[in-house]
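Take a look at this one; I'll ask things after.
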Amino acid sequence: MLPVMHPDLQRLTDLLRTAAATEIMPRFHHVQSHAKADGSLVTETDAAVQTYLTAALARDHPGIPLIGEEMTVAEQEQLLRAADHSVWVLDPLDGTGNYAGGFPGFAISLALLEAGQVVQAAVLDPLRDECFCAIRGGGAWCNGVPIAPFAPGPLLSDCLAMIDFKRLPAARLPTLFRPGGFRSQRNLGASTLEWCWLAAGRFQLYLHGGQKLWDYAGGHLIAAEAGVSARLYRPYGVGPAPGLDLEPRFAVAAATPDLFERWLAFIDLPLDAPLEAPSPGAVR
């Protein structure tokens, strides 16, 4: 008999599915986008989902504030500082560029933070009707079925890698294609889903150069509870990034601990430094 998913996660799943059916899917292929100050895209759907879930969570969980991607930085910082015990973190539409362009790769991500750590998370892919979720210490799930990472072999060259090249330093990109790194490479363009797909065994190696709190909070917990090996760093991987704040994170992950160590050695952090010649017998 399969273990039963925690009822809190089922409630989050139902809430995200309702929000997607109400606000996301009716607008798909029928929405205009515009650029924000940082160059990323936003649509009326982003705001509509955030408004919907802010009201629903305030009704069902009064007293717990919500930090949403579509707030100002000042609002986000104030809410994060003021959250004594619990706070929701929401990405109402991760992969807005995909959504606006008609590409099937976008999601809602919702995470609950308590005492400085993520304790519950749900990420919904509305096109595939897949809801990934996790509770700290209780495992990870997709549509009520436990998930786990998968590795087709022990070497990096056996693996698929998900790499977001857009946020990595251009001078170091060629080094990621040197021999011994990976069998093939993908880029989905929705980091919340990328964490979940790694957790569900759909690729094995992950590298992303810049994720905000709402990009990694939910997906990172889901991946960790599934058994993924992952580490979050400061920009360019110059050092570990403990705690949860609004500063961007550099993410490295792999399906198994051994692959993680091999992948970390291959990437050779930090990426803001020139790559040194590999030493004899370097791990591959």
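Please compute the length gained on full extension between Ala21 and Ala265, using 0.36 nm multiplied by the number of residues separating them and subtracting their Cα-Cα distance.
Contour length minus the Cα-Cα distance gives 83.5 nm.
Rank-order 43-52, 204-213 by packing density, defined as the average count of other C-beta atoms within 10 Å over each peptide's residues, highest first.
Sorting 43-52, 204-213 by mean packing, highest first, produces 204-213, 43-52.
Considering the Cα trace of region 1-156, what is its radius of gyration and what is Dmax, both in angstroms?
Answer for region 1-156, Rg first and Dmax second: 16.5, 51 Å.
What net charge is computed for the residues neighbouring Glu77, neighbours being all others with C-beta under 14 Å from the C-beta of Glu77, Lys and Arg scored +1, Asp and Glu -1?
-2
Could I ask something else about it? Note down the net charge around Ala140, summing +1 for each Lys or Arg and -1 for each Asp or Glu among other residues with Cβ under 15 Å from its Cβ.
Within the 15 Å Cβ shell, the charges total -3.
Taking the Cα-to-Cβ direction at Arg183 and at Glu114 and moving 7 Å from each Cα, how far apart do the two end points lie in nm?
4.0
Continuing with the same structure: So how do 12-25, 54-67 stack up, highest first, on mean other-Cβ count within 10 Å?
12-25, 54-67
Please find, in a Gaussian network model of the chain (springs between Cα atoms separated by less than 10 Å), the residue of Val42, Val252, Val145 whose mean-square fluctuation is greatest.
Val145
Would you calculate the separation in nanometres between label points at Val238 and Ala148, each defined as 7 Å from the Cα along the Cα-to-beta-carbon direction?
4.0
Let me ask something else about it. Comparing Pro92, Pro242, Pro146, which has the greatest mean-square fluctuation in the GNM of the chain with Cα pairs linked when under 10 Å apart?
Fluctuation is largest for Pro242.
Positive end of the charge dipole of the chain (Lys, Arg +1 and Asp, Glu -1 on Cβ, about the Cα centre): tell me which of Trp263, Thr54, Leu93 has its Cα farthest that way.
With unit charges placed on the Cβ atoms, the residue in question is Trp263.
For the chain, modelled as a Gaussian network with Cα springs under 10 Å, which listed residue fluctuates most, Pro126, Pro174, Pro248?
Its mean-square fluctuation being the largest, the pick is Pro174.
While we're here: Run the simple label-point estimate for Arg136 and Asp60 please: 7 Å along Cα→C-beta, distance reported in nm.
Going from the Arg136 label point to the Asp60 one covers 2.0 nm.
Okay, moving on. In debye to the nearest 20, how big a dipole does the chain give about its Cα centre with +1 on each Lys and Arg Cβ and -1 on each Asp and Glu Cβ?
Using only the charged Cβ atoms, the result is roughly 720 debye.
Would you mind calculating the gained length between Asp158 and Leu246 on full extension (0.36 nm times residue separation, minus the Cα-Cα distance), in nm to one decimal? Show your work: numbers first, answer last.
Values: separation 88, 0.36 × 88 = 31.68 nm, distance 3.52 nm.
Answer, rounded to one decimal: 28.2 nm.
Since every read-out is calculated from the coordinates, none of them should be taken as a lab result. None of these values were measured; they are calculated from a predicted model. All Cβ positions, even for glycine, are placed from backbone atoms using ideal geometry, and neighbour counts span all protein chains on display.
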